[in-house]
Ligand SMILES: Cc1cc2nc3c(=O)[nH]c(=O)nc-3n(C[C@H](O)[C@H](O)[C@H](O)COP(=O)(O)OP(=O)(O)OC[C@H]3O[C@@H](n4cnc5c(N)ncnc54)[C@H](O)[C@@H]3O)c2cc1C
């Protein structure tokens, strides 16, 4: 292990931990303000839960985040600054169908009448109530309950029985949009956005640099793992709560953050990108698609994207909670067979139509957690996100989970990053003249 320099010599004004969208947003804003910032990342790549990959047939696919909507101004601006354009995300609007993979019959459903968050707010909700109990109480009709439970299992990447009803409603208060969150996508890989941000730092991110502990020595913060350490005035922990709680924090910070960090529980999500042959397929702007919700197994949804290539259509299947865990344990051949079956049942596509399938599991990952995001568990701190947001001083938290604007989305990660950068600037300015 390298020994830190003696005295209070520092390596940078700020060390940012985590090169996901939140960390890159902090670091690029601080760089623009002329602060020396070192960004360290546990993995060998930047982007975190944004992961553009080359699919089996050579074109790019988004294995992680991919969509946004017209109310998400920060991600739209970033996509455009990175040289990409926005385009329609998915074909939706026409029809929602319910499927049961064990009894392959389709049924139409009217989703818009099912889930009304405003009316859920009118229910009396105790701290220990699960999201499952709230939905059960608020909805009538066994099939409506099963439909919404299935959708929520996918949306929250885990079974509503595990989640806090009050915290989920609190989350929805910070999502100021009625638009579909899949309204738009970029016309090229989001990896380009990550590269754009990384190219605007004071120095390139330092990869394979997992942070294990943070300590405070006088007015210096030391960020370390077993091999290396860095000294700075402030540190931004731009990692999900499930990753932050694996880092040993200074006592003064741990006291404030411990219970909030432990309130988040990791979920499980599997994203399947599938391309099928479709002779004559074209992309009229008005084309409408079929939104598929699976009742059995629950937690499975499928959509058709608006990304058309000649004679091809593309689909995305999301599996959350137990079905995600089950799918991730299957081999590639069985996963492909599952995809074929779902596309056959839900879209009447023949087995031979499938040109390409890519399955990515986000489960039990030491760095990004699991699921789209971590959410607050039943009976835990309802205001855990707000508690982490308001911690200031030498250690500041930032990630999509704790954003007060579009939490759980790329938009939230950017927003949290910008707010953390402002907090860092205020802290650093407090040092002036000291
Ligand atoms: C499959 C999937 C699909 C999604 N789809 C969408 C979508 O369509 N639209 C949308 O808006 N959002 C979507 N999301 C959510 C979105 O991706 C995330 O909310 C957002 O990207 C999180 O950004 P972040 O910077 O907060 O965290 P992350 O992206 O998780 O970044 C955290 C970074 O910190 C690093 N790290 C962790 N621990 C340490 C440590 N100890 N030391 C150093 N580095 C560490 C990690 O390696 C990672 O790079 C999706 C997520 C997934 C998984």
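Filter segment 392-408 for residues that are buried (at least 17 other Cβ atoms within 10 Å of the Cβ) and over 14 Å from the mean Cα position of the chain (by Cα) and give the result.
Result: 394, 395, 396, 397.
Would segment 281-299 turn up any residue that is within 17 Å of residue 360 (Cβ to Cβ) and not assigned by TED's automatic domain parsing to the domain that holds residue 391? Show your work before the answer.
Taking segment 281-299 as the starting set, the residues that turn out to be within 17 Å of residue 360 (Cβ to Cβ) are 299.
With the extra rule that they be not assigned by TED's automatic domain parsing to the domain that holds residue 391, the set shrinks to 299.
Yes, the conditions are met somewhere in segment 281-299.
Which of the following residues is touching a strand residue (DSSP E or B) at 6+ places or on another chain (Cβ under 9 Å) and at pLDDT below 95: 41, 4? Spell out how you get there, then give the answer.
Numbers: 41 fails: at pLDDT below 95.
Criteria check complete, one pass: 4.
Identify all residues within segment 323-335 that are within 26 Å of residue 311 (Cβ to Cβ) and surrounded by 18 or more Cβ atoms within 10 Å (Cβ to Cβ); write none if there are none.
335
Residue-wise test of (1) buried (at least 19 other Cβ atoms within 10 Å of the Cβ); (2) more than 16 Å from the ligand (Cβ to nearest atom); (3) modelled with pLDDT of 95 or more.
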position	(1), (2), (3)
343	yes, yes, no
346	yes, yes, no
350	no, yes, no
355	no, yes, no
358	yes, no, yes
361	yes, no, yes
368	yes, no, yes
373	yes, no, yes
376	yes, no, yes
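Looking at (1) more than 23 Å from the chain's Cα centre (by Cα); (2) assigned to a helix (DSSP H, G or I), find the lone condition where residue 411 falls short.
The one condition residue 411 does not meet is (1).
Condition first: away from the ligand (no atom under 13 Å from the Cβ) and assigned to a helix (DSSP H, G or I). Now tell me which residues in segment 378-388 satisfy that. Lay out the reasoning, then the answer.
Initial filter on segment 378-388 (away from the ligand (no atom under 13 Å from the Cβ)): 378-384, 386-387.
Result: 384, 386, 387.
Which residue pairs have Cβ atoms under 6 Å apart, sit 6 or more places apart or on different chains, and have a first residue in segment 239-259 that is under 18 Å from residue 420 (Cα atoms) and a second that is at pLDDT 95 or above and in a helix (DSSP H, G or I)?
Sorted first by the residue in segment 239-259, then by its partner, the pairs are 240/401; 241/261; 241/401; 244/261.
Go through segment 390-408 and give me each residue that's closer than 16 Å to residue 65 by Cα and assigned to a loop (DSSP other than H, G, I, E, B). Break it down into steps so the answer makes sense when it comes.
Looking only at segment 390-408, we keep the residues that are closer than 16 Å to residue 65 by Cα, and these are 399-401, 406-408.
Within segment 390-408, 399, 406, 407, 408 qualify.
Given the criterion in the same structural domain as residue 26 (by TED's automatic domain parsing) and buried (at least 17 other Cβ atoms within 10 Å of the Cβ), identify the matching residue among 194, 175.
On the way: 175 fails: in the same structural domain as residue 26 (by TED's automatic domain parsing).
Being in the same structural domain as residue 26 (by TED's automatic domain parsing) and buried (at least 17 other Cβ atoms within 10 Å of the Cβ) holds for just one of 194, 175, which is 194.
Can we say residue 233 is assigned by TED's automatic domain parsing to the domain that holds residue 31 and surrounded by fewer than 18 Cβ atoms within 10 Å (Cβ to Cβ)? Walk me through it before giving the result.
Details: assigned by TED's automatic domain parsing to the domain that holds residue 31: yes; surrounded by fewer than 18 Cβ atoms within 10 Å (Cβ to Cβ): no.
It is false that residue 233 is assigned by TED's automatic domain parsing to the domain that holds residue 31 and surrounded by fewer than 18 Cβ atoms within 10 Å (Cβ to Cβ).
Just to check your reading of the model, which residue among 91, 121, 98, 106 is within 17 Å of residue 138 (Cβ to Cβ) and either modelled with pLDDT under 90 or assigned by TED's automatic domain parsing to the domain that holds residue 303 (or both)?
So the residue among 91, 121, 98, 106 that is within 17 Å of residue 138 (Cβ to Cβ) and either modelled with pLDDT under 90 or assigned by TED's automatic domain parsing to the domain that holds residue 303 (or both) is 121.
Applying the selection to segment 26-57, what residues are within 11 Å of residue 201 (Cα to Cα) and either within 15 Å of the chain's Cα centre (by Cα) or in a strand (DSSP E or B) (or both)?
Those that are within 11 Å of residue 201 (Cα to Cα) and either within 15 Å of the chain's Cα centre (by Cα) or in a strand (DSSP E or B) (or both): 37, 38, 39.
The values are calculated or read from the model by the stated rules, or taken from the named source; none is laboratory data. For clarity, every value in this text was computed on a predicted model and none was experimentally measured. As a convention, Cβ positions derive from the backbone with ideal geometry for all residues, glycine included, and neighbour counts pool all protein chains shown.
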